[in-house]
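First up is the structure itself, then whatever we jot down about it.
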DNA sequence: ACCTGAACACCGTTCAAGT
DNA sequence: ACCTGAACACCGTTCAAGT
């Protein structure tokens, strides 16, 4: 789906920033973060490295641009639902799934704080907070907590999946979780009471459900925080 | 403070895994993530790259070892405080400050999920949850949410600080925040109502305080969640 | 204005050869 | 058992030279 491409020229194979970004996304999706290389890019685009540098300032700029393109598409595809709490949950899940599908986005977002992609997410997470009546003084800390949690968990989840794919022969995530759970279940309960205790629960946990449970935890915290909120948090 | 060093040999300059890790930490602290190089390491240790590879399997293993050493020291230095909520807040702040002092730890932790350093943190965050009476079925999702938030925010904060240090001539974090706040304040309120609205608050925000506010949000959520909790989260 | 592709200054990792 | 250091297969980025 060439959304922005082919504006001035009809030919699809002319070199343009949009086309470079699209190919970059394809490479990142196929070969992971290490797959984005100016040499691979040159080959795929049938040109030299210098040609790419004419359209793009650096690799990190290209990575941010690729990230922003995917984030923008994901948010655009998301209908604005009515109830604020539902809107936040839906948005959180959409971001989780987006990062699960494009694992490189997790670290790309971390490397570009305050840039376009982050601001897009901030805005969409923030609007429902206005509807919830979060007072002005608490708006920034609240979105920040929410966004940090969402991007932190989703990024960690994606990193896990990638590591599982690399370390195991192909047994993948299930085997990775199982190996960890087994290791934890064999820890000394005197030294590691908590980790030893959750090993069994961990073995059968559901990433997406736990992610959403954390979102609900934060939403519950927002709901239980008194509106004036000048001093410490109550309860 | 050579804690583990000089066990078998009295000489401090003999090549050992511990000494390699210590020098790696020093390089990471001084020159950032890119500063850890087998060439820089060789020079500092007055040896060849091959010698280091005899003690250490790969760069990523070395990074994880360096990360674990700092995490272990930080947690060891932390007295176990009584009240569970206080313990979690104290621990969270200690981790925040640790990552602020060693910014490379943020991404190192992400790259080694389920490894030693992560388990150490899991255990210490989890023990107070037992004291709070969080039921077994909710223990994993709850620590996971807490840990993801803490490491996510702290890592993001460190990445911000590093980026501010790189992009600005030396004006640093304050100028970086100011530039962002100014950019946000000039956004179109029709398209970016939320981001536009928080620009002023953002300009004068306090990273550490906001971080702690998020921890309190999650703690409030834990406190307000009913103990049985079989279905959806109430409220 | 836009593209080419060789060249530069780096990387992590390996490995024959030493002691 | 442990160390040396050259060599290998890569990187991102630059830049004279082309069209």
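Derivation of every value follows stated rules applied to the coordinates shown; laboratory data play no part. Quantities reported herein were computed from a predicted structural model and do not represent experimental measurements. When we count neighbours, we look across all protein chains shown, and the Cβ atoms used for this are built from the backbone with ideal geometry, even at glycine.
Taking residue B:57 in one copy and the same position in all the others, each labelled 7 Å out along Cα→Cβ, what are the pairwise distances from the first, in nm, shortest first?
Its label point is 4.0 nm from the equivalent points in the other copies.
Per residue of the protein assembly as shown, what 222 nm ellipticity follows from adding -39500 (n - 2.57) for every DSSP H run with n ≥ 4, rounded to the nearest 500?
Numbers: 22 runs with 330 residues, N = 470.
Helix-only estimate at 222 nm: -23000 deg cm²/dmol.
Restricting things to Cα coordinates, could you compute the convex hull volume per residue of the range B:27-95 in Å³? Let's see the in-between values first.
Numbers: hull volume 7.2 nm³, N = 69.
Output value, Cα hull per residue: 104 Å³.
Helix A:116-131 sits at what angle to the longest principal axis of chain A, using alpha carbons and giving 0 to 90 degrees rounded to 10?
40 degrees
Quick one: among A:73, A:124, A:89, which has the greatest mean-square fluctuation in a GNM of chain A with alpha-carbon springs under 10 angstrom?
A:73
Can you list, shortest first and in nm, the gaps between the label point of residue A:82 and those of its counterparts in the other copies, using a point 7 Å from Cα in the C-beta direction?
5.2
Starting from 0.36 nm per residue, how many nanometres of slack lie between residue B:14 and residue B:101 once their C-alpha separation is accounted for? Spell out each step's value before the answer.
Working: separation 87, 0.36 × 87 = 31.32 nm, distance 2.82 nm.
Stretched out fully, the residue B:14 to residue B:101 stretch lengthens by 28.5 nm.
Return the whole-Å distance between the Cα centroid of the range B:29-101 and the Cα centroid of the range A:92-137.
First find each Cα centre; the distance between them is then 29 Å.
In degrees, nearest 10, range 0 to 90: what is the angle between the Cα axis of helix A:136-167 and the longest Cα principal axis of chain A?
For A:136-167 against chain A, the angle is about 70 degrees.
Please state the shape class of the range A:129-196: rounded when a/c is under 1.5, otherwise prolate if a/b exceeds b/c and oblate if not, all from the C-alpha gyration tensor.
Details: a/c = 4.76, a/b = 1.88, b/c = 2.54.
Because a/c hits 1.5 or more and a/b fails to exceed b/c, the range A:129-196 counts as oblate.
If I take every Cα pair under 8 Å that is 6 or more residues apart in the range B:24-104, average their sequence separation and divide by the length, what percent do I get for the relative contact order? Don't skip to the answer; put the middle values down first.
Values: 35 pairs, mean separation 30.3, N = 81.
Worked out over the range B:24-104, it gives 37 percent.
Please compute one quarter of the surface area of the Cα convex hull for the protein assembly as shown and express it in square nanometres.
Values: hull surface 101.2 nm².
For the Cα atoms of the protein assembly as shown, the hull's average projected area reads 25.3 nm².
Which of B:206, B:100, B:216 moves the most in a Gaussian network model of chain B with Cα springs under 10 Å?
With Cα springs under 10 Å in chain B, the top fluctuation among B:206, B:100, B:216 is at B:206.
Please compute, for peptide A:134-143, the average count of beta-carbon atoms on other protein chains lying within 10 Å of each residue's beta-carbon. Walk me through the numbers on the way to the answer.
Values: counts 0, 0, 4, 2, 4, 5, 11, 12, 5, 4.
Rounded to a whole number, the mean comes out at 5.
Once you've got the GNM for chain A with C-alpha springs shorter than 10 Å, pick whichever of A:120, A:101, A:196 has the biggest mean-square fluctuation.
A:196
Can you give the relative contact order of chain B as a percent, counting alpha carbon pairs under 8 Å and 6+ residues apart?
Working: 180 pairs, mean separation 37.4, N = 235.
Relative contact order, chain B: 16 percent.
Over the Cα atoms of chain B, compute the convex hull volume and normalise it per residue, giving Å³. Walk me through the numbers on the way to the answer.
On the way: hull volume 40.7 nm³, N = 235.
In chain B, the Cα hull volume divided by residue count equals 173 Å³.
Just checking the output field for A:208-216: average partner chain Cβ neighbours within 10 Å of each residue's Cβ? Could the numbers behind the result be given before it?
Numbers: counts 0, 1, 7, 4, 3, 11, 9, 3, 8.
Partner-chain Cβ atoms within 10 Å, mean over residues of A:208-216: 5.
Taking a label point 7 Å from Cα toward Cβ, how far is residue B:31 from its twins in the other copies, in nm, shortest first?
Output for residue B:31: 2.7 nm, nearest copy listed first.
Relative contact order for the range B:85-186: what percent, with Cα pairs under 8 Å and sequence separation of 6 or more?
Values: 60 pairs, mean separation 33.0, N = 102.
RCO, the range B:85-186: 32 percent.
Please report which chain B residue places its beta carbon nearest the axis carrying chain B onto chain A, with the distance rounded to a whole angstrom.
Chain B residue with minimal Cβ-axis distance: B:152, 1.
In degrees between 0 and 90, to the nearest 10, how far off the longest principal axis of chain A does helix A:193-203 point, with axes built from Cα atoms?
Long axis of A:193-203 versus the principal axis of chain A: about 60 degrees.
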